[in-house]
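The values are calculated or read from the model by the stated rules, or taken from the named source; none is laboratory data. Quantities reported herein were computed from a predicted structural model and do not represent experimental measurements. We place every Cβ from the backbone using ideal geometry, glycine too, and count neighbours over all the protein chains shown. Protein only, heavy atoms only, side chains kept; ligands, DNA and RNA dropped before computing areas. Shrake-Rupley method; radii C 1.70, N 1.55, O 1.52, S 1.80 Å.
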Amino acid sequence: MTTPGALFDISKPLSLRAYLADLWRHRQLIVELARADLKQRHVDTALGNVWYFLNPILLTAIYFWIFVLILGTNRGLGDAEFLPYLAISVGLFQFGQRATMAGAKSLIVNRRLVRLVRFPRGVLPISGVLAELAAVGPALFVGAVVAVFAGEVPGFDWLLVIPAAMLLALFITGLSFVAARAAEASGDVINLVPWVFRLLFYLSGVIYSVDKFIDKAWQRDLFLINPFHSLLSLVRYPIVPDASPITGPMIIIAFGWTAVSLLLGLWLFRRGEANYGRE
Amino acid sequence: MDASSGARGAPLGPITLQANGVHVLYHPERRRAFRAESQTAKAVHAVKGVSLEVHEGEVLGIIGANGSGKSSLLMALAGLLPIEQGQVMALAYPALLGVRPAIRQQLSGTDNIILGCMALGLSRKEAVELVPGIVKFAGVASHVDLPLRTWSSGMKARLVFAISTSVEPKILLVDEVLAVGDAEFRKRSVRRLRQMSRSSSTVIMVSHKMQQIQKVCTRVIWLDHGEIRAEGRPKRVVQMYKRYASNLADEMDS
């Protein structure tokens with residue numbers, strides 16, 4: 001930070017560069033907080049880690065039953081073809097919602113820590129997202145197994161889901177910075193987050209294929225704006241390329257949204273940094 | 001004032017913490033901007049232009065009545081409260097030891113120790129190495145694997161004290177925690193704080209226990225309505241404060 005032995009102004013906020021360096025220095029704390037979070041969560045469950053697999057399986061089963069078997073939202077795609085599409089979408093969308101919520105609550109649940117210990121507060125939303133990221137591996141695994149049963153042939157190109165999921169996680173990290181700042185300013189935000197995600201859920205083609213369902217071009221463009229539509233398509237594509245095709249604009253939109261969310265999130269979050277935890 | 005040497009006669013080390021005209025204001029209306037009733041809330045001026053210098057090896061005590069701004073000053077010195085005006089310069093970010101610790105009730109003693117040490121800036125490896133010593137000092141060996149919700153409040157307080165003092169912060173700020181634990185633990189806590197000041201740390205403590213202040217501190221500041229009223233040898237400042245407090249009590253009774 002400064003030369004050893006020299007006094008420095010601790011009441012002055014860090015420059016962006018020093019802040020990022022400070023975050024990096026606290027990377028072990030980010031991991032430890034996420035680990036503590038997961039430990040706490042499983043204290044009272046008998047099944048523990050099994051829930052990571054049960055959650056996406058149960059959720060996929062419910063949506064498959066209601067939307068595919070009863071309502072037939074898989075228009076143009078076979079039931080079996082649609083099942084892996086659904087499994088991956090549902091699992092990852094749930095990660096997005098839970099991680100944003102964890103980020104939103106992170107400054108509030110760690111209030112005592114914030115009052116007592118100085119560290120870059122960005123540690124908290126990041127570790128909230130990281131704890132939820134633990135669920136992504138199992139969700140993708142469930143999706144891949146379902147895909148194999150549906151007749152897809154596994155290959156090394158399936159590994160591309162990992163960078164695609166990372167891109168989604170980065171987007172969510174930015175979003176959780178925004179949510180954390182907003183939730184700290186007003187408790188109403190915590191109530192609002194599920195509604196925003198519910199809307200995005202229905203508008204992102206998680207439970208139906210946008211290409212097969214939306215006919216009008218301008219309506220499809222509207223879906224394109226939804227970051228989840230592009231980001232989830234990118235994750236699905238390596239495993240179910242036919243059911244979930246991607247286009248050039250979708251790739252640009254996915255990266256664009258990620259950049260916007262990270263920059264905006266960091267900027268907004270840092271502006272409130274000095275006042276977090278105050279009465 | 002004895003600025004050139006510590007109260008115990010030892011020469012002072014280099015400056016580790018320096019406050020220049022620090023003002024702390026609370027703006028209740030800023031925090032709850034959406035609520036109508038807060039429009040009338042006024043800012044509270046908790047610390048009014050405090051300047052001080054603390055050296056290596058010093059144990060500085062801060063005394064004063066409730067609401068005199070002691071805790072706000074301590075938070076500001078820790079870099080935890082934004083200051084309205086002025087500046088806090090330090091050799092390192094100070095560690096704050098407070099009465100309401102940041103512990104996790106669902107986690108075991110060991111997990112809390114590791115997390116606590118890492119929050120204070122240690123690596124995971126360093127934190128793990130400190131676990132046995134902290135458990136021993138806090139005297140909580142029998143409970144270390146149990147979640148903290150099953151611990152007594154005295155045990156938790158001892159654990160937190162042991163964590164904050166074991167990471168060997170360059171500057172330690174202590175807020176009213178020497179009252180925790182039984183007589184034996186209090187004695188050991190005092191000894192540990194003295195030890196820390198000898199091993200080139202700086203300790204600043206806020207306390208209402210005048211006996212303890214006199215026992216541990218090398219210098220004392222009396223804070224009154226956010227301003228420094230007196231500063232100097234512990235015995236002298238504590239006496240001045242006591243005299244003032246008893247006069248005030250007499251006035252209020254009559």
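Do any helices (runs of 4 or more DSSP H) lying entirely in the stretch B:104-167 carry at least 3 residues that are exposed (fewer than 15 other Cβ atoms within 10 Å of the Cβ), and which ones are they? First the steps, then the outcome.
Numbers: elements: B:109-119, B:124-138, B:153-166.
Answer list for the stretch B:104-167: B:124-138.
Considering only residues that are of a type outside the set (A, V, I, L, M), under 30 Å from residue A:81 (Cα atoms), out of contact with any Lys or Arg (no Cβ under 6 Å at 6 or more places or on another chain) and at pLDDT 90 or above, which ones fall in the stretch A:103-155?
If the condition is that a residue be of a type outside the set (A, V, I, L, M), under 30 Å from residue A:81 (Cα atoms), out of contact with any Lys or Arg (no Cβ under 6 Å at 6 or more places or on another chain) and at pLDDT 90 or above, then A:137, A:138, A:141, A:143 are the ones that fit.
Out of the helices (runs of 4 or more DSSP H) lying entirely within the stretch A:186-272, which hold 1 or more residues that are on the phi > 0 side of the Ramachandran plot?
none
Return the pair list, or none, for Cβ contacts closer than 6 Å from residues in the stretch A:154-165 that are under 18 Å from residue A:232 (Cβ atoms) to residues that are among the β-branched types (Val, Ile, Thr) and open to solvent by less than 80 Å² (accessible area, probe 1.4 Å), at least 6 apart or on different chains.
A:158/A:239; A:161/A:235; A:164/A:235; A:165/A:136; A:165/A:235
I'd like the full set of residues that are surrounded by fewer than 16 Cβ atoms within 10 Å (Cβ to Cβ) and either within 13 Å of residue B:84 (Cβ to Cβ) or modelled with pLDDT under 55 (or both), limited to the stretch B:6-26.
Answer for the stretch B:6-26, where residues must be surrounded by fewer than 16 Cβ atoms within 10 Å (Cβ to Cβ) and either within 13 Å of residue B:84 (Cβ to Cβ) or modelled with pLDDT under 55 (or both): B:8, B:9, B:21.
Considering only residues that are more than 8 Å from chain A (Cβ to nearest Cβ) and either under 24 Å from the mean Cα position of the chain (by Cα) or in contact (Cβ under 8 Å) with a residue 40 or more places away in the chain (or both), which ones fall in the stretch B:111-125? Outline the logic, then answer.
Of all residues in the stretch B:111-125, those more than 8 Å from chain A (Cβ to nearest Cβ) come to B:112-113, B:116-117, B:122, B:125.
Passing the criteria: B:112, B:113, B:116, B:117, B:122.
Considering only the stretch A:61-85, state which residues are under 21 Å from the mean Cα position of the chain (by Cα) and surrounded by 24 or more Cβ atoms within 10 Å (Cβ to Cβ).
Of everything in the stretch A:61-85, those that are under 21 Å from the mean Cα position of the chain (by Cα) and surrounded by 24 or more Cβ atoms within 10 Å (Cβ to Cβ) turn out to be A:84, A:85.
Is one or more of the residues making up the stretch A:86-94 surrounded by fewer than 19 Cβ atoms within 10 Å (Cβ to Cβ) and of a type in the set (Val, Ile, Thr)?
There is no residue in the stretch A:86-94 that is surrounded by fewer than 19 Cβ atoms within 10 Å (Cβ to Cβ) and of a type in the set (Val, Ile, Thr).
Residues checked against (1) among the aromatic types (Phe, Trp, Tyr); (2) in contact (Cβ under 8 Å) with a residue 24 or more places away in the chain; (3) more than 14 Å from chain A (Cβ to nearest Cβ); (4) more than 26 Å from residue A:28 (Cβ to Cβ):
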site: B:108; (1), (2), (3), (4): no, yes, no, no
site: B:142; (1), (2), (3), (4): no, no, yes, yes
site: B:172; (1), (2), (3), (4): no, yes, no, no
site: B:176; (1), (2), (3), (4): no, yes, no, yes
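Determine whether residue B:209 is more than 25 Å from residue B:49 (Cα to Cα), open to solvent by 80 Å² or more (accessible area, probe 1.4 Å) and either aromatic (Phe, Trp, Tyr) or in contact with an Asp or Glu (Cβ under 9 Å, 6 or more places away or on another chain) (or both).
Yes; evaluated as a whole, the condition is true for this residue.
Going through the stretch B:137-172 one residue at a time, which ones are closer than 28 Å to residue B:200 by Cβ and of a type in the set (Ser, Thr, Tyr)?
Residues satisfying the conditions are B:164, B:165, B:166.
Being over 19 Å from residue B:56 (Cβ atoms), over 20 Å from the mean Cα position of the chain (by Cα) and assigned to a helix (DSSP H, G or I), is that true of even one residue in the stretch B:214-229? Before the answer, list the steps.
Going through the stretch B:214-229, the residues over 19 Å from residue B:56 (Cβ atoms) turn out to be B:214-215, B:222-229.
Then keep just the ones that are over 20 Å from the mean Cα position of the chain (by Cα); that gives none.
Within the stretch B:214-229, not a single residue is over 19 Å from residue B:56 (Cβ atoms), over 20 Å from the mean Cα position of the chain (by Cα) and assigned to a helix (DSSP H, G or I).
Is there a residue in the stretch B:236-244 that is at pLDDT 90 or above and open to solvent by less than 10 Å² (accessible area, probe 1.4 Å)?
yes
Which one is farthest from residue B:147 (Cα to Cα), of the residues in the stretch B:94-104 that are facing chain A (nearest Cβ under 9 Å) and touching a strand residue (DSSP E or B) at 6+ places or on another chain (Cβ under 8 Å)?
B:94
Being open to solvent by 20 Å² or more (accessible area, probe 1.4 Å) and within 14 Å of chain B (Cβ to nearest Cβ) narrows it down to one residue among A:98, A:115; which is it?
After applying the criteria, what remains is A:115.
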